[in-house]
Amino acid sequence: MKQNRFLEKTFKLTENQTKTKREVLAGTVSYFTIVYIMIVNAMILAEAGIPLEAAVTATVLLSAASCLLMGFWANMPIILVPGMGVNALFAYTMVQTMGLTWQSALGAVFLSGAIFVVIAFTPFARIINEAIPDSLKEAISIGLGLFLLLLGLEKGGLVVSGSSSILAMGHLNDPEVLVMVLTLLLAIGLFLKNVPGNFLLTIVGGTFLAFCFGTLDVSEITFSRVDMGSYAGVFAAFSFADINQLNFWMAVFAMTMVLVFENIGLVHGHVSSINRPDKYRKSLQATSISTMLSGLFGSSPTVATVETAAGIASGGRTGLTAVVTGVLFGLSIFLLPIIQIIPDSAIAPILIMIGLLMLGNLRNLNLSDLSESIPALMTIAMIPLTYSIADGMAFGFILYPFIQIVLGKGKQVSVPMYVIGLLFLAYLSFSFIS
């Protein structure tokens, strides 16, 4: 593929020792690695009350716009799509637990994104990053993984809540549960064999298995023109009606914390992997703008996805990779009419696999230092046990400064960390009173 003058000038391909063909291939690989998100994210947004077709549309359009933003603003091959974990925070914590409407939750997302923008464009990003101990940063990611694992097991029917709210095994003689287990085995096999687009193939295979076992009604499949009417009620539907409520501000606080810590780590890792530390600031800025746009488009926030590594491994070195991925997401809008028939049994294994992968960060914890490990392990345990990411974070961020004070190390804790701990203490106190 001949080097285009516009592409060369815009993305500096020669300077970055890459070619158009390589970037297009990398963008395509990135797309097929992450395309499952338009289905999985929409399913989770639907749990918050957003109409499913509108949720798929929001995910597709937001992903397309965000990838284009990253490509043209930062000229980096980082893929921005709605993040796993933060979508659970949106649906299960902010809406189902805190009681916000999905419109108010989108308002909280928009405000969190605006705060993230301020942080990304000022020295606050460095100050906050240095204030929070690495053990708690890792704990948040691990806790999110455990939460997703639990959600996947429940969605697939493999574990169920009994009368005493204790999880128990589901029944394998239930055809839907059996299909989920078979799909999970398929997902594990495809992932371990490193098959390109393994998550997407898992969803396709799981849907086919559901058809074979009679748990999927194919009569619901339609190929009619995409109806954008439902999305019109979601775009720019964010609301600040609950802005005078403490729950709203705690939702903003929790979402901002997760977004800042997760994206700082992800962006830093991606720019380091291709030895482009000079692009860190602009990449983080593009990511922050994208999170604010999430509230406008009607979705949970975007993140600098882990799957970016697939595109980088395929040779992606510039923003052209992200632009290609964004264009492919835009074309995905034509798939919307058939996405709605995908069963939970095909989605649950993806949640389980992503949760298991996030649990791998356990290797980064120093379990021999109890002053670090106790707050971290409490965070990890309490996120899924309380069914609330914010509550789980609260226990860890309160415990950490408390333990350091008890051990006579209070001066080693930063002032911002004390402030964050006090805010979480106020949040828990309000929750108990309510």
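General remarks:
- Criterion: of a type outside the set (A, V, I, L, M, F, W, C), closer than 18 Å to THR256 by Cβ and within 15 Å of the chain's Cα centre (by Cα) - qualifying residue of GLY107, GLY83: GLY83
- Of the listed requirements (1) among the hydroxyl-bearing types (Ser, Thr, Tyr); (2) within 15 Å of the chain's Cα centre (by Cα); (3) farther than 26 Å from VAL271 by Cβ, THR57 misses just one: (2).
- Note on region 326-357: residues that are among the β-branched types (Val, Ile, Thr), out of contact with any Leu (no Cβ under 9 Å at 6 or more places or on another chain) and open to solvent by less than 20 Å² (accessible area, probe 1.4 Å) total 2.
- Cβ-Cβ under 6 Å pairs, at least 6 apart or on other chains, region 2-24 side within 22 Å of ALA310 (Cα to Cα), far side open to solvent by 50 Å² or more (accessible area, probe 1.4 Å) and assigned to a loop (DSSP other than H, G, I, E, B): ASN16/ARG317; THR18/ARG317; THR20/MET1; THR20/GLN3; LYS21/MET1
- Hits in region 358-377 - residues which are open to solvent by 40 Å² or more (accessible area, probe 1.4 Å), in contact (Cβ under 8 Å) with a residue 40 or more places away in the chain and hydrophobic (A, V, I, L, M, F, W, C): LEU362, LEU377
Table: residues versus (1) surrounded by 21 or more Cβ atoms within 10 Å (Cβ to Cβ); (2) in a loop (DSSP other than H, G, I, E, B); (3) of a type outside the set (Ser, Thr, Tyr); (4) more than 18 Å from the chain's Cα centre (by Cα).
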{"position": "SER283", "(1), (2), (3), (4)": "yes, no, no, no"}
{"position": "VAL306", "(1), (2), (3), (4)": "no, yes, yes, no"}
{"position": "GLY315", "(1), (2), (3), (4)": "no, yes, yes, yes"}
{"position": "VAL323", "(1), (2), (3), (4)": "yes, no, yes, yes"}
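- Counted residues, region 37-54 - those being buried (at least 24 other Cβ atoms within 10 Å of the Cβ) and over 15 Å from the mean Cα position of the chain (by Cα): 2
- Helices (runs of 4 or more DSSP H) wholly inside region 78-158 containing at least 2 residues that are β-branched (Val, Ile, Thr) and either open to solvent by less than 20 Å² (accessible area, probe 1.4 Å) or closer than 26 Å to SER63 by Cβ (or both): 102-120, 134-155
- Hits in region 22-36 - residues which are open to solvent by 10 Å² or more (accessible area, probe 1.4 Å) and either touching an Asp or Glu at 6+ places or on another chain (Cβ under 7 Å) or under 10 Å from PHE329 (Cβ atoms) (or both): TYR31, THR33
The values are calculated or read from the model by the stated rules, or taken from the named source; none is laboratory data. Quick caveat, the model's predicted, so the values are computed rather than measured. Please note: Cβ atoms are built from the backbone with ideal geometry, for glycine as well, and neighbour counts cover all protein chains shown. Ligands, DNA and RNA are stripped out before the accessible areas are found, and what is left, the full protein with its side chains, is counted by its heavy atoms. Shrake-Rupley method; radii C 1.70, N 1.55, O 1.52, S 1.80 Å.
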